[in-house]
Every structure is written in C-alpha cells, then in structure tokens.
Amino acid sequence: MQHCCNKNIYLPSNKSKILKSKFVTLLVFLCQLGFSQVLKGKVVDYKTGLGVPFAEVFCLETQNGTISDNNGNWEIKNMVNFQITLLIKADEFDNKLVRVVNQNSDELIIQLEQSHIHLDEVIVSTSDSKLQRYSTFPVESRKIADLNKIEQTNLIDAMSNIPGIFNFSTGNGIAKPVIRGLSGMRVLTSQNGLRLENQQWGADHGFAVLNLGIDRVEIIKGPSSLIYGADALGGVIYLADEPYANFNKNEFKASTKFESNSMATFNKVSYKTSRRNLRFAVYGGYFSRANYAVGNSEFLNLSNKEYVTNSKNSGGSLKTALGYNKNNWITNFRYQMLYFQNGLPGHTHDSVWEASSFLSSNQTRSYSIPAQKIFNHLAQWENKFYFKNDEVITQLGFTSNELKEFGEKVFTPGIDMTLQNYSYNVRWKHHFNDDFEIVSGSQGMFQSNSNGPKAEEILVPNAGFNDLGAFSLIKGTFNLWNIQAGARYDQRRVKTQKIIGGFDKGFSGINYSAGISRSSKTLTTRINASTGYRPPHISELLADGVHHATMQYLVGDRNFKSERANQIDFYLGTHFDHLEIVINPFINQINNYIYKIQRFDNNNQPERDDYSGLFIFDMKQTNAVFYGGDIAIHYHPHIAHWLHLESNLSLLSNQDSLPFIPQNRLNNTIKVDFKSENKLNLNSLSAQYIYFFDQNSVAPYETTSSSYQLINFSCNGSISSKNNIEYSIGINNLLNINYIDHLSRLKTYEIPNPGRNVYVKFSLTI
C-alpha cells in the first residue's frame, strides 16, 4: 500500500475498507459542546496485520499523545472536539500522518509499513503538517536527541551536523548558525512561531538560546518561506518545544553532563503534566565552563595543556508552558528567561602581538574583562481556532534582550543596550477540499534599541523600526504532485530620535515563491524558485563605535539599499528499504549584499580608531552569488540491520571573494545499534569522521584556512530500573587536533578551536 502524508483517513474497523488516496469528510456531527471525547484505535503492521507495540500516537494540535500497548491498542480521553492530525511513530516503521475527521467510540485501524531507514520527520514550520519528503520547500527536520547521539557543546554545534549548516563561533560559548554561507541577520529564528530578535544588534552577536525544552529543529534553506517575513535570505531556523506529557500523565526528568575540556557542567530538570484539557511544563537549566583547552596533536598528552584566556562562560534559564483546550479552541502561553555571562577572548589593543599571548597554563572560572552579560525574556501567547474547513491562529509575542559589554572597567559597561521587540502574527487557513487550500496571514513588529545612561560607547544609537507584512499561499495536491505558490509584501520604517544626525527612512519589498514536488514511495523530486528581501539593519545603517566582542570599530552607511535575493533550489531523493540518496543543489543571487571590510589608508596600512586603538571596519554593498549544494547517503545493509552508514558532502562557493565563507565539509558517521535487556544496556555506538577542506577564497583582510579533520566517538545506553535511566559517554576531537576553523572569529588572533573533549551524561526520567 502506498501511503502519503495527509492523504489517509482511517475509518472505524466495522467499515468495509480503508480509503487510500484522499481524505473523506465523514458526515457525523460532533457531540454536544463539553462532552468528553474518547478516541480509540489500534496500530498494526501492514504486511502481517499484527498489532505494533509501544507505538507513539501524537496529536499535533494539542502537542501530547499516548503509547500503544503490547497489542497495538491505544486510547485517548478528553479529546478536542474537532478534526485532528495524528502522528504515528514506531521503531522499524515509517512515520505516518493521519487526519481524523470523525471522533467516536469506535476503533481506528492504522496501518504502518516497515522501514529500515527512519529519517522522515514531520514538518510544521511551513504552515502545514507534512512529512519531510512531501514538502515543496527545501526544509530539513532533526530531533535534538538524534543530533546529540554524539553530544556537542551547544545547540549550534549540534545543528552543524545537518548538511549545509555551519557554525560561526567565538570560542565555545558564542555561536551563530550559517545556512548556505549566510548568517547573522540573514537567518531568521523562530521558536514555536515567535520570531526571536534577541541578540540582533549586529551580525556578530551570538545565538542566545539554550537547548532547554527544545524537541527538534527545522531549517528552511534559503528565502523559500513567505510566512516568516523579511530578513530570511539565508533561511529560517524553527525551534519546536518538547511536547507536553502524554494524556493524563506526569513526567519528571533530570540530566547532568560533564565535559573535560573546559571542566564544564550542564544540569537540567523538567516537570510536565497533562490533566483533562489542561497541560503544563516547567524547565530549569544551568551551565558553567572554565577556559577551554586547545589541541596539541599529541594523542596521549594529558599534561602541559594550554588554555584560551577568558574563554569561560556560564548561564542559566527558566522556561514554562501552559496549554488548554476547550471544544474548537486551543491556547498556549510560554515564557522563558535566560542569563549568560561570556568572557571575550582575543582582547588586545597592541599593534604587534603574539598568538601565545592569548594562551595560559591556568584554567579558571573567575570573572574577568572583557566580558558580556546578557539577560533575555521571551513571552508568547498563542490561540488556535478550528472550524469545519478553516483554521485561525493568532500569536502575540514579546522579547527583551539586555546586553552589557565590559571592556576596560569592571563596573562601568562599555556598551549597555536594551533591545525590545513586540510582535503579532495572524494566520488563516481555508480547506476548499481535501486537495486544495489557501493560507493567508499578516505579521507586525515594533523593535526599539536604547542605550543605558552609563554606557561609555554608543555602538548603535537609540533607534527603532516598525515592520508590517502580509502574505498568501495556495497549495494543491494532484495524485503524486504537490504544488505551492505565493506572494508577500513587507514594509519597514527605521527611525532615530530627532537630534542632530537623526534618521528616518522607509523600505519595502514584494517577494514570490513557487514550488512543485512529486513524491512516490521510492523517489522524490522538487524544484523551488523564490525571492527574498532584507532591509538594512539599524547596526548596518547607523553603527559608529567600538564593538568589544569582535575587537573592532564599526562604521555603518546611512545610504544602504535593501538586499534582494533570487534562489533556485533543486532536490532529488531516492528512498529504498535499505538505501537513501539525496542530491540538493542551489544558486542564490543577492543584490546589494551588505558585508564588512577592513579600512586601509593611502599607504595600504590598516587604519585604527584614534581613541580605542582598534582596527576600523566599514560596511559596504555589492552584488553576490552563492551556489553549491549537498549530497547525502544513508545505507542500512540488509544483512546487518544493526548497522547504519551515513555520509554527506556540503559544498559552497561565491562569485566574489566575500568574507566568512565556510569551508566545504565531508561528514561521515557509522552507527551500530544493539538490543539487549540486561541490567546495564549498550544501545548504540557511533563514530564520526569530519573532513574540512582548504578555504582559499577569502576577503582581502582574511587569511586562507588549511584543511583539518575531526574524529568523534560516543556510546549511548540505559540502565534497567524502575525508572528510565540513560547515559552517554563520548569523545570529541579524539586525536586532539590543533586547528582553526575558517568561521572562528578568533582566527584573526591565531587562537585555535577546542582540543579533545571527553563527556559523560546521565538522565533520569520518572
């Protein structure tokens, strides 16, 4: 039986058959409002008809679910009073989406097909719920748990295992994602639909989000999604929170991790509950790192380590979520507070320096300058209304980000800025029939940047901007074909205070996107053409001051025009029982591309600011072309079901020698699965080999980067007990290679990336 996302409705077992090709609206009216719905079903193997035990039955609308019993039977009480979408997942089977229109007490029979390659995750970031292979957008979805089979030091490092995704880092504490060579304010971040504008003072600031309560990440590559607004020239990073606890269940989880390289500790706790129509979750986390050790290319050297001065960092977060449903209404309220304290390595005002001056034989956690202190607050209120053929979603959001940079004085900040953002999002979806729908919406945002009265430097003046945008998408399905086309209009007004040199300017843009895909059981093809628009940011227009985090004096340009992108993306994927091959080339042409370049005097010598002594960097514009692609292979031998071989190649080039273009990368992973029921179980072993190629295409002020290779290893297991105890033990940079990544901001000072890192992690679930 061929199955397709969103194309199967399963009728009660007392009906004569299962409809295969499209949704059928069942003409049964729901019970009176407030009646406690009961939804029953059974998950079975398509070939054998036997029940599938321990299958996950998850409701996308309420974000919780249940688990089937030993015979594949399951039951959900207090179900919402409208049509729902169920995601069915089980080991050794394909994921399946099931649209349920009629909710009565009869049993639903859900058939799953066996699969030896299980990589097809559900996509929710593109305004509809589809399995990844059926999307018309170039989107990748990964569960955080899968990315962390080999643990990484932060969320961005984990995402770097996805083809086409790289890491723009400052040590091991400050990082920003790079999608197809684009980063900073060209990559839009959304958490559960809330646009995150924290750390958006400039392209150099990090990604102020902890891996706390995040279930998976979805990455839209390029300007292909019209529903998120301006700025997404590189793409969108969509963070989806963990689901609530299963229906009528409580869940407590605690984890702790230790890393040897920076003597780091990570501690997390969470509690989730689901009772009738109410759901609640709360999370807490804290981490602390000392200065990190660099590699020395000596495999067994455990002494005479060198540490990067002032590379330590620490932070914590408190996060909560509350959900409620009644009849055709679902509401969710989310709040998160984050705190970071980061040392800023590579600090010097000397015109002549030695790389060894940034290294020390001592490892410390004590506070020293230069440093950053960051406070983030995120709040979101979401409401969803479901009708017979319509869905309406409203979101109100608020983010506040306080940044203090201490450059020369411990108690007086060099930079003291507060960035506040108020946003709204309204989206309406109408189903004309089972195969055709329209999605329309509008977003608005007001953002303000203000400087504290005690700040010694004004990098970006007090300023703000207003955003307003609207879009419409048409989606259709015709047999195996999926089509989507849409348009969007955005406008932005940037304004400063009415003082000498005040600024008041408007920007606007119209963007289009169209995609078509064909998906069968063994072959997926897709082509997508899209445009993008990004107005220049306040920092690019008005920056004129010291930035301690990068040790640069930045100068913007008030006359900048909006960036405009045109991308074509092609996808070819083959899916067999034991083999998956994906080829995904692209080309992205950007007009008025804004970049940073070092200023030189008439004698071709780098210019310095007279007061700070730092090098001066100017913002410039040019036309740019980025092109490349990804090739991925996943092989699961028939004779060795316990073995997984994965390999992906990420290639990227640009027409001109622009700064901060990542090195091409080859990523290979071998994973061995084990099945045992002992007291101490080894579940999997993973070995990873990553090769980074030479980077010789560089900007005038950059140096080339040599190739390097990393070997990582991990084992994951569990301890049988009354409660679920899991453990992970691993080594990153096994050979202790001394290397400098091309996207490291510390490359200018010849400061290496972290050396060997041994980690141990335990988690307890009750």
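A short reminder: the numbers here are calculations on the coordinates, not readings from a lab. Computed from a predicted structure; not experimentally measured. As a convention, Cβ positions derive from the backbone with ideal geometry for all residues, glycine included, and neighbour counts pool all protein chains shown.
Can you sort 309, 522, 136 so the residue with the fewest Cβ neighbours within 10 Å comes first? Please list the in-between numbers first.
Values: 309 19, 522 12, 136 24.
Starting with the residue having the fewest Cβ neighbours, the order is 522, 309, 136.
Going by how many other Cβ atoms sit within 10 Å of their own, how do 269, 236 line up, fewest first? Walk me through the numbers on the way to the answer.
Values: 269 16, 236 27.
Ordered by Cβ neighbours within 10 Å, fewest first: 269, 236.
Take each of the peptides 720-727, 285-292, average the number of other beta-carbon atoms within 10 Å over its residues, and list them starting from the highest.
With the highest mean Cβ count within 10 Å placed first, the list reads 285-292, 720-727.
Sort 478, 692, 560 so the one with the fewest other Cβ atoms within 10 Å of its own Cβ comes first. List each step's numbers first, then the result.
Values: 478 10, 692 22, 560 19.
Result, fewest neighbours first: 478, 560, 692.
When all alpha-carbon pairs of region 37-115 are counted, what percent fall beyond 18 Å?
Tail of the P(r) past 18 Å holds 31 percent of the pairs.
Please tell me which of these pairs span more than 31 angstrom C-alpha to C-alpha: 149/305; 257/596; 96/384; 149/319; 319/747; 326/475?
Pairs exceeding the cut-off: 257/596; 319/747.
Using only alpha carbon pairs under 8 Å that are at least six residues apart, calculate the relative contact order of region 139-765 and give it in whole percent. It would help to have the intermediate numbers written out before the result.
Numbers: 1798 pairs, mean separation 72.9, N = 627.
Result for region 139-765 is 12 percent.
Once the Cβ-Cβ distance between residue 651 and residue 38 is put in as r, and R0 is 41 Å, what FRET efficiency do you end up with, to the nearest 0.05?
0.20
So in the chain, what percent of DSSP beta bridges are antiparallel if you round to the nearest 5?
Of the beta bridges lying entirely in the chain, close to 95 percent run antiparallel.
Taking each pair of different alpha-carbon atoms in region 471-559 once, compute 1/r for the pair, average those values, and report the inverse of that mean as the Kirkwood hydrodynamic radius in Å to one decimal.
17.0
Please list the non-local residues whose amide H lies under 5 Å from the amide H of residue 735, H modeled 1.01 Å from N, same-chain partners needing a gap of 5 or more.
Residues meeting the amide H criterion: 711.
Explain nothing, just compute: Karplus ³J(HN,Hα) = 6.51 cos²θ - 1.76 cosθ + 1.60, θ = phi - 60°, for every residue of region 235-248 in order, whole Hz, x for Gly and Pro.
Whole-Hz 3J(HN,Hα) from phi for region 235-248: x, 10, 9, 9, 9, 10, 5, 4, x, 5, 5, 4, 3, 6.
Around residue 128, which amide H atoms from residues at least 5 apart in sequence, or from another chain, sit under 5 Å from its own amide H, with H modelled in the peptide plane?
Placed amide hydrogens put nothing under 5 Å from residue 128.
Looking at region 275-423, I'd like the Rg to Rh ratio, where Rg is from alpha-carbon atoms and Rh is Kirkwood's inverse mean 1/r.
When Rh is taken as the Kirkwood radius, the ratio is 1.18.
With the convex hull built on the Cα atoms of region 139-765, state its orientation-averaged projected area in nm².
Taking the Cα atoms of region 139-765, their convex hull projects to 28.7 nm² on average.
Please turn the phi angles of region 651-664 into ³J(HN,Hα) values with the Karplus equation 6.51 cos²θ - 1.76 cosθ + 1.60 (θ = phi - 60°), one per residue in order, whole Hz, x for glycine and proline.
10, 8, 9, 9, 5, 10, 7, 8, x, 6, 8, x, 6, 4
Give me Rg over Rh for region 574-629, both radii from the alpha carbons and Rh done the Kirkwood way, two decimal places.
We get a ratio of 1.39 for region 574-629.
Per residue of the chain, what 222 nm ellipticity follows from adding -39500 (n - 2.57) for every DSSP H run with n ≥ 4, rounded to the nearest 500?
Calculated at 222 nm, the ellipticity per residue is -500 deg cm²/dmol.
Hey, how much of the P(r) for region 214-301 falls beyond 19 Å, as a percent of Cα pairs?
On the way: 2509 of 3828 pairs.
That tail contains 66 percent of the Cα-Cα pairs.
Would you kindly derive the ³J(HN,Hα) couplings of region 138-147 from the backbone phi angles with the Karplus curve 6.51 cos²θ - 1.76 cosθ + 1.60 (θ = phi - 60°), listing them in order in whole Hz, with x for Gly and Pro?
Working through the residues one at a time gives x, 10, 10, 10, 9, 6, 4, 4, 6, 5 Hz.
Once you place label points 7 Å from the Cα toward the Cβ at residue 418 and residue 642, how far apart are they in nm?
Modelled inter-label distance: 6.0 nm.
For region 605-663, rounded, prolate or oblate, judged on the Cα gyration tensor with a ≥ b ≥ c (square roots of eigenvalues), a/c < 1.5 rounded, else prolate if a/b > b/c? Could the numbers behind the result be given before it?
Details: a/c = 7.12, a/b = 2.79, b/c = 2.55.
Prolate, since a/c reaches 1.5 and a/b exceeds b/c.
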